[in-house]
Amino acid sequence: MNNLRNVDLNLLVVLDALLAERHLSRAAERLNMSQPAVSHALARLRILLDDPLFHRRRREMEPTLRALELSGPLAEALAQIRTVLTPDGFDPTGRHVFRLAMSDFGAGLVLPGLMEALRREAPGVDLVVTQQSRESMISAVADGEIDMAFGVFPELPSRCVAELLFEDDYACLLDPSAQPRPYPGLTETLYWSAPHVLAAVHGEAATELDLHLRSYRKARRIALVLPHWSVAPQVIRGTDLILTVARRCLAEVAPGLEVAATPVDLPTIRFAAIHARRRRSDPALRWLMSKTKQVLSARDRPLSR
């Protein structure tokens with residue numbers, strides 16, 4: 001291993017594909033190789049790294065701990081090699097895998113337009129998307145386990161950088177027919193007395209919204225905690241629950257529900273993409289960032305607030 005001249009670096013490309021696909025045939029298809037050739041490369045990798053790397057589990061290949069440890073550094077190393085070989089840009093016509101992390105709120109905003117653009121302009125580019133807590137996303141970006149994360153990041157370590165994608169404000173969703181009578185509209189008194197829905201990945205209670213609300217020296221009652229944003233509006237109908245989310249989440253709501261301005265002052269939501277600082281010159285990430293900004297810009301044109 002100390003002498004790279006004796007190592008076929010193409011094996012690392014095979015390992016990267018196997019880690020992404022977890023399947024021999026799919027990895028072969030991704031690499032435009034035959035399945036026996038990929039199987040032979042895996043056998044050589046096992047000797048080279050002195051580890052089985054994968055175990056068969058039903059229809060997929062489960063990575064060993066050693067393979068998982070290699071996943072982040074390997075993706076980063078291959079990205080750096082691509083930077084050396086294509087310093088002036090990224091070739092979207094080739095095969096490439098981006099590993100991303102985002103909530104379903106971010107996925108709903110970014111993925112539909114982005115996938116449409118990728119299938120049209122860069123059909124060889126694939127995405128692997130996971131949902132994690134904010135802390136886990138930051139850690140995974142910093143450690144190289146994922147390429148980019150999308151969300152709201154009030155604080156970041158120095159190893160990560162953020163690019164602002166858009167700003168939004170909070171709005172409330174409620175069913176006016178289920179509110180206490182008489183219902184004059186959403187007032188501050190009603191806001192504090194009503195039961196609320198909280199959308200928080202992994203049940204996190206200390207969202208940036210609730211941290212800000214603490215400045216009022218009051219606490220709202222959380223009657224329902226959900227791990228997904230998309231289902232939250234559906235539970236409002238017929239209840240006295242109030243949902244406070246980014247206004248973009250409420251661009252389309254069911255008839256009879258009301259989107260109201262928050263009766264208390266709340267901070268602006270700054271939705272950003274983050275990546276590792278050491279990869280700020282990576283042409284692949286710059287290309288993906290540019291494409292994402294184009295998609296969000298096109299999405300905003302018909303958006304009325």
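The values are calculated or read from the model by the stated rules, or taken from the named source; none is laboratory data. Owing to the predicted nature of the structure, the values given are computational and were not obtained by experimental measurement. For neighbour counting, all protein chains shown are included, and Cβ atoms are generated from backbone atoms with ideal geometry for every residue, glycine included. Each accessible area value is taken on the protein alone, full model and side chains, heavy atoms only, with ligands, DNA and RNA left out. Shrake-Rupley method; radii C 1.70, N 1.55, O 1.52, S 1.80 Å.
Descriptive notes on the structure:
- For the stretch 23-136, the antiparallel share of DSSP beta bridges with both residues in that region comes to about 40%.
- Considering only beta bridges that DSSP places wholly inside the chain, some 60 percent are antiparallel.
- Of the chymotrypsin sites (Phe, Trp or Tyr not before Pro) found in the stretch 177-244, not one falls in a DSSP loop while having at most 11 other beta-carbon atoms within 10 Å.
- Long-range amide H partners of T64 with built H, under 5 Å: L53, F54, H55
- Compared with the dominant principal axis of the Cα atoms in the chain, helix 134-143 is inclined by about 20°.
- Selected from A77, A17, A101 as most flexible by GNM, with the chain as the system and alpha-carbon contacts under 10 Å: A77
- Helical content alone sets the calculated 222 nm signal of the chain at -12000 deg cm²/dmol, taking -39,500 (n - 2.57) per DSSP H segment of four or more residues and averaging over every residue.
- Gain upon complete extension [A43, D91; 0.36 nm per residue less C-alpha separation]: 14.2 nm
- The residues of the stretch 87-148 expose, per residue, 42 Å² of accessible area to a 1.4 Å probe.
- With the whole protein complex present, K218 retains an accessible surface near 110 Å², based on a 1.4 Å probe.
- ³J(HN,Hα) computed for each position of the stretch 247-254 - Karplus, 6.51 cos²θ - 1.76 cosθ + 1.60, integer Hz, glycine/proline x: 4, 5, 5, 10, 4, 10, 10, 5
- Label zone at T64 (point 7 Å along Cα-to-Cβ), backbone N below 18 Å, the stretch 31-55: 39-55
- Heavy-atom accessible area order for H23, H40, largest first, 1.4 Å probe: H40, H23
- Order by protection proxy (mean Cβ within 10 Å, highest first), peptides 139-150, 103-114: 139-150, 103-114
- Accessible area of the chain belonging to carbon and sulfur atoms, whole % at 1.4 Å probe: 51 percent
- Among beta bridges from DSSP that stay inside the stretch 118-254, the antiparallel ones total about 35%.
- Relative to the dominant Cα principal axis of the chain, helix 35-49 is inclined by about 90°.
- Nearest-10 value in Å² for the accessible area of S290, using the 1.4 Å probe: 60 Å²
- Cα long-axis angle, helix 283-300 against the chain (0 to 90 degrees, to the nearest 10): 30 degrees
- Rounded to the nearest 20, the size of the Cβ-charge dipole of the chain about its Cα centre is 280 debye, with Lys and Arg at +1 and Asp and Glu at -1.
- Among P233, P182, P154, the largest mean-square fluctuation in a Gaussian network model of the chain (Cα springs under 10 Å) belongs to P182.
- 5 angstrom amide H check on L224, placed H, neighbours 5+ away: H196, L198
- One Cα centroid belongs to the stretch 243-301, the other to the stretch 135-155; the line between them spans 16 Å.
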